[in-house]
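S.K.: My questions all concern the structure below.
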């Protein structure tokens, strides 16, 4: 669900510190109020960023993926296996793979298979375009689906249900290719979902009606009214002027810190030039080294100093405020 805070509480920006000089002190807001933090309640989803290289360049990609951006390099299957084994011991339910475009990574299928072999649910975020549609990838996905059934899920980025608005974000000749990928996934019986955006000046009901019509026209077994099957994400803009989240904001918003994504998720990335991968709180903070939590899950649970307190994440980033708290966004497959 996307929360329109200006309609719901027009006084909230003033109450939660909306003015210049924000997101600098991990402990207090620009008004000197105690900054909100989120403790890990139970690690349910462990994400792997497979690398920031992508086959396309979107207009407003929060991670700036492109055919040239390799700031996060390709993970290899032998690098993620220790994390998978740790996650198994920690009773993690879901493994997520994101990018960039995951199917550009030469080890993509091997990583997915390693996660499925350990009985995880697996969610792969993809644009469903040419990298996924290569014969070797299709054959591998079919093999993995046949062996794991609905534990393998693919979420396809379709920024709008119309060609014009989708391509306004993703560039020319991207809509038809994505549709071909979605049609193939549907025809082959994959568990699939769609990720759209909420930046088009339409209501959620209008957006869901549009995706419903698209799914019906193409014969997809997709319930556009189900927020786990059609996920509508708020925009992420690091330059946006948004309120900081104080401890008092939980009561103002009638929300709980344990409902935030970083209460149940962590992400593994490998930076260009680094010798080993590191753990981050979530999928939204790939480049900020201040949010590094350690080189394994055990270290991340007790991270201290800077942006952390005994593993709790201090909400000292614009994405924490805009996407998660005020936008109600979560990247997991589970609502």
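The values are calculated or read from the model by the stated rules, or taken from the named source; none is laboratory data. This one's a predicted model, so the numbers in the text were calculated from it and none came from an experiment. Counting neighbours? That spans all protein chains shown, and the Cβs are built from the backbone with ideal geometry, glycine included.
S.K.: List every residue pair whose Cβ atoms sit under 6 Å apart, with the two residues 6 or more apart in sequence or on different chains, where the first one lies in region 93-109 and is over 15 Å from residue 128 (Cα atoms) and the second, anywhere, is assigned to a helix (DSSP H, G or I).
M.R.: Within 6 Å, the pairs are 95/115; 107/77.
S.K.: Using the structure shown, decide if residue 258 is touching a helix residue (DSSP H, G or I) at 6+ places or on another chain (Cβ under 7 Å) and modelled with pLDDT under 95.
M.R.: Values: touching a helix residue (DSSP H, G or I) at 6+ places or on another chain (Cβ under 7 Å): no; modelled with pLDDT under 95: yes.
So residue 258 fails the test.
S.K.: Among the residues of region 287-309, which ones are in a loop (DSSP other than H, G, I, E, B) and without any contact (Cβ under 8 Å) to a residue 60 or more places away in the chain?
M.R.: Answer for region 287-309, where residues must be in a loop (DSSP other than H, G, I, E, B) and without any contact (Cβ under 8 Å) to a residue 60 or more places away in the chain: 288, 292, 293, 295, 302, 303, 304.
S.K.: In addition: Does residue 132 qualify as being farther than 16 Å from residue 184 by Cα and touching a strand residue (DSSP E or B) at 6+ places or on another chain (Cβ under 7 Å)? Talk me through it step by step, then tell me what you get.
M.R.: On the way: farther than 16 Å from residue 184 by Cα: no; touching a strand residue (DSSP E or B) at 6+ places or on another chain (Cβ under 7 Å): yes.
No, not satisfied.
S.K.: Right, next: Inspect region 127-138 for any residue being more than 17 Å from residue 216 (Cα to Cα), touching a residue at least 60 places away in the same chain (Cβ under 8 Å), surrounded by fewer than 19 Cβ atoms within 10 Å (Cβ to Cβ) and in contact with a helix residue (DSSP H, G or I) (Cβ under 8 Å, 6 or more places away or on another chain) and give the result as yes or no.
M.R.: Keep residues of region 127-138 that are more than 17 Å from residue 216 (Cα to Cα), which gives 127-138.
So of that shortlist, the ones also touching a residue at least 60 places away in the same chain (Cβ under 8 Å) come out as 127, 129-131.
Filter once more, keeping what is surrounded by fewer than 19 Cβ atoms within 10 Å (Cβ to Cβ): 130.
The next check asks that each one be in contact with a helix residue (DSSP H, G or I) (Cβ under 8 Å, 6 or more places away or on another chain); those that pass are 130.
There is at least one residue in region 127-138 that is more than 17 Å from residue 216 (Cα to Cα), touching a residue at least 60 places away in the same chain (Cβ under 8 Å), surrounded by fewer than 19 Cβ atoms within 10 Å (Cβ to Cβ) and in contact with a helix residue (DSSP H, G or I) (Cβ under 8 Å, 6 or more places away or on another chain).
S.K.: Return the residues of region 262-286 that are part of a loop (DSSP other than H, G, I, E, B) and either closer than 17 Å to residue 40 by Cβ or touching a strand residue (DSSP E or B) at 6+ places or on another chain (Cβ under 8 Å) (or both); say none if nothing qualifies.
M.R.: First pass over region 262-286, keeping only residues part of a loop (DSSP other than H, G, I, E, B): 264, 270, 272-277, 281-286.
Within region 262-286, 264, 270, 272, 277, 281, 282, 283, 284, 285, 286 qualify.
S.K.: Which of the residues belonging to region 26-39 are surrounded by fewer than 22 Cβ atoms within 10 Å (Cβ to Cβ) and assigned to a loop (DSSP other than H, G, I, E, B)?
M.R.: 26, 27, 30, 31, 32, 33, 39
S.K.: Which of the residues belonging to region 57-68 are in contact (Cβ under 8 Å) with a residue 24 or more places away in the chain and either within 12 Å of residue 272 (Cα to Cα) or surrounded by fewer than 18 Cβ atoms within 10 Å (Cβ to Cβ) (or both)? Please lay out each step first, then the result.
M.R.: Taking region 57-68 and keeping what is in contact (Cβ under 8 Å) with a residue 24 or more places away in the chain, we get 57-60, 62-63, 65.
Within region 57-68, 57, 59, 60, 62 meet the criteria.
S.K.: Does any residue in region 205-222 that is buried (at least 19 other Cβ atoms within 10 Å of the Cβ) come within less than 7 Å, Cβ to Cβ, of a residue that is part of a helix (DSSP H, G or I) six or more places away or on a different chain, and which pairs are these?
M.R.: Close Cβ pairs satisfying both conditions: 220/182; 220/186; 222/215.
S.K.: What is the residue count in region 223-243 for residues that are over 21 Å from the mean Cα position of the chain (by Cα) and either under 23 Å from residue 179 (Cβ atoms) or surrounded by 15 or more Cβ atoms within 10 Å (Cβ to Cβ) (or both)? Spell out the reasoning first.
M.R.: Narrowing region 223-243 to residues over 21 Å from the mean Cα position of the chain (by Cα): 241, 243.
Now drop any that are not either under 23 Å from residue 179 (Cβ atoms) or surrounded by 15 or more Cβ atoms within 10 Å (Cβ to Cβ) (or both), which leaves 243.
Selection size over region 223-243: 1.
S.K.: Okay, next question. Tell me, please, whether a residue that is within 18 Å of residue 55 (Cα to Cα) and touching a strand residue (DSSP E or B) at 6+ places or on another chain (Cβ under 6 Å) can be found in region 160-171. Reasoning before the result, please.
M.R.: Of all residues in region 160-171, those within 18 Å of residue 55 (Cα to Cα) come to 166-171.
Going one step further and asking which of them are touching a strand residue (DSSP E or B) at 6+ places or on another chain (Cβ under 6 Å), we end up with none.
No, region 160-171 contains no residue that is within 18 Å of residue 55 (Cα to Cα) and touching a strand residue (DSSP E or B) at 6+ places or on another chain (Cβ under 6 Å).
S.K.: Can I ask one more? Looking at region 40-55, which of its residues are surrounded by fewer than 21 Cβ atoms within 10 Å (Cβ to Cβ) and closer than 30 Å to residue 171 by Cβ?
M.R.: Residue satisfying the conditions is 55 alone.
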